[in-house]
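A.B. asks: Got a structure for you, written out below as structure tokens; questions coming shortly.
The values are calculated or read from the model by the stated rules, or taken from the named source; none is laboratory data. Remember, predicted model here, so these are calculated numbers, not experimental data. Neighbour counts are summed over all protein chains in view; Cβ atoms, including those assigned to glycine, are modelled from backbone coordinates with ideal geometry.
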Amino acid sequence: MIEYLRNNRLMSISLLLAIISCFVGRFSVEFIDYKVIFSLFGLMLLIQGFEQVGLLRFVAQKLLHYSKNSRQLVQLMILLSLVGSMFLTNDVAILTLLPIYLKLLAVVPKFKGRFLGSVLIIVAANLGSSFFPFGNPQNLFLYDYYHVPLSQFLTWMSFLLFVSLISLGVLTFLVAKDSLAEIDLSNRPFDRKETRLLTGLMLVMILVVLNVLPYLWVIPGVALVIVFYRRELFKAVDYGLLLTFVCFFIIVGNIGEAQVIKDFLQALNGKQIYLAGLGLSQIISNVPAAFLIAPFTTNQQAVILGVNIGGLGTLLASLANLIGYNLFRMYYPDETKKFFGLFSGVNFGLLLFLGTIFYFFIY
């Protein structure tokens, strides 16, 4: 158990902080977002299924086929992540694309840009998901809470998307431009019948994430299918990550009930609300930050831009960051320190750059 806790330090720290927060505040099951927990569980099951039937390797080979060099490969993955997250949410985009990219690293073992590529895929998913109201959980909440006109919402987020695309494009030139000519592109078969089943289940899960289908009925149904289809997938789920999310919700719930925080938010103006969105997202994640700030201000633009840009920065700034980090750790457990260092450098650099630019657009 000690060894397990040592190897899962993020989970261990979150568990300790959750226990402390319960002593200072209280424990309530209402703090936990069960839809997020169960949705993540179902998506992780299906991603492991795609891995086992060979689909991820097949897609990786196709991406290699259409890429002339390693830099172009990363650029293609980033574009897929940016566009995919607009329609599938940032969590689903990362859970779908990052395992494919990490599978590519096994095919291209000398690829020097593996860390930066992984980081930029996660960043692209966070930034791309901000464009539409349904791209991420905080936008869904804020769009409904403030009843923002769609044209106004898209106007605000279009400029953010444009600057994000330029910034990501510039960063891709830091990726090593290695040749892929010597890579084996021979197609290996994958089970098409099982892939169709998993694809159908994945589409169902996406509808759950988008609130089209009820998670309480659908996700147990998906899990039941997996029991009869390939029950060994349950062993591959990262239960430590699920526990980390549970602890995280408990911590955030207790922070949100603190009267001093509520008094502080009510006294802020537009630009200060924007900065509060950026700052609080670093500590409690951008989704809880949106829930916490929205009732205390009518400045829609400040809140929406603040919590969306606030998804950059720390691992805790966005739940998608945690998912991406844990996926990388699953594939390359011995290289997480290097990954974390580069992740922090790129994210805080973009947070400072984008945060400064859009500060001057807040009224």
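A.B. asks: Which one is surrounded by the most Cβ atoms within 10 Å (Cβ to Cβ) among residues in the range 44-80 that are under 27 Å from A236 (Cβ atoms) and small (G, A, S)?
C.D. replies: Looking at the filtered set, the residue picked out is G49.
A.B. asks: Which one of these does K103 not meet: (1) in contact with a helix residue (DSSP H, G or I) (Cβ under 6 Å, 6 or more places away or on another chain); (2) modelled with pLDDT of 80 or more?
C.D. replies: The number of the failed condition is (2).
A.B. asks: For the range 227-307, give me every one of the helices (runs of 4 or more DSSP H) that falls completely inside it and has 3 or more residues that are of a type outside the set (S, T, N, Q) and either touching a strand residue (DSSP E or B) at 6+ places or on another chain (Cβ under 9 Å) or surrounded by fewer than 22 Cβ atoms within 10 Å (Cβ to Cβ) (or both).
C.D. replies: Details: elements: 239-256, 259-266, 270-284, 286-293.
Of the helices (runs of 4 or more DSSP H) lying wholly inside the range 227-307, those with at least 3 residues that are of a type outside the set (S, T, N, Q) and either touching a strand residue (DSSP E or B) at 6+ places or on another chain (Cβ under 9 Å) or surrounded by fewer than 22 Cβ atoms within 10 Å (Cβ to Cβ) (or both) span 239-256, 259-266, 270-284.
A.B. asks: Right, here's the next one. Please work out which one of (1) within 30 Å of Q301 (Cα to Cα); (2) hydrophobic (A, V, I, L, M, F, W, C); (3) assigned to a loop (DSSP other than H, G, I, E, B) is the condition L80 fails and give its number.
C.D. replies: (3)
A.B. asks: Quick check: anything in the range 53-76 more than 21 Å from the chain's Cα centre (by Cα), of a type in the set (S, T, Y), over 20 Å from M330 (Cα atoms) and part of a helix (DSSP H, G or I)?
C.D. replies: Yes, that holds for at least one residue.
A.B. asks: List the residue pairs whose Cβ atoms are under 9 Å apart, where the first residue sits in the range 256-271 and is at pLDDT below 75, the second is of a type in the set (D, E, K, R) and surrounded by 13 or more Cβ atoms within 10 Å (Cβ to Cβ), and the two are 6 or more positions apart or on different chains.
C.D. replies: Between residues of the range 256-271 that are at pLDDT below 75 and residues that are of a type in the set (D, E, K, R) and surrounded by 13 or more Cβ atoms within 10 Å (Cβ to Cβ), the close pairs are G256/K262.
A.B. asks: Something else now. Condition first: touching a helix residue (DSSP H, G or I) at 6+ places or on another chain (Cβ under 8 Å), surrounded by 15 or more Cβ atoms within 10 Å (Cβ to Cβ) and outside any helix (DSSP H, G or I). Can you find one or more residues in the range 342-349 that meet it?
C.D. replies: no
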